[in-house]
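Quick one: this structure, given as structure tokens, is what I'll be asking you about.
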Amino acid sequence: ARNRATVGGACRFGPGVAPEREALAFDPQTSGGLLAAVTPEAASRLADDGWWIVGTVVEGPPRVEFV
């Protein structure tokens with residue numbers, strides 16, 4: 001609940017996002033382990049090693065969009 005209260009306003013969930021996936025975004029057991037921000041080149045190398053590319057960083061106000 002504290003994670004959601006702290007950053008919940010910066011998260012946007014698309015209409016197809018299941019409630020259990022939304023809850024996972026705030027789960028304290030996964031905090032910090034879900035995402036890594038790397039250069040596009042590093043992302044390609046990591047994807048070759050089995051990592052998943054889940055999004056991109058763009059200019060604008062801080063937020064995370066789940067679709």
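Any read-out appearing in this document is the output of simple, stated calculations on the displayed coordinates, not a laboratory observation. Quick caveat, the model's predicted, so the values are computed rather than measured. Methodologically, a virtual Cβ is constructed for each residue, glycine included, from the backbone with ideal geometry; neighbour enumeration extends over all protein chains shown.
Treat every Asp and Glu Cβ in the chain as -1 and every Lys and Arg Cβ as +1, leave all other atoms uncharged, and give the resulting dipole magnitude about the Cα centre to the nearest 20 debye.
Its charge dipole is roughly 300 debye.
A further question follows. Report ³J(HN,Hα) in whole Hz for each residue of region 42-56, in order, from the Karplus equation J = 6.51 cos²θ - 1.76 cosθ + 1.60 where θ = phi - 60°; Gly and Pro get x.
5, 4, 4, 5, 5, 4, 5, 9, x, 6, 9, 8, 10, x, 9
Now for a separate question. Say the dipole of the chain comes from +1 at the beta carbon of Lys and Arg and -1 at that of Asp and Glu; which of G55, A5, G16 then lies farthest toward its positive end?
Toward the positive end, the furthest listed residue is A5.
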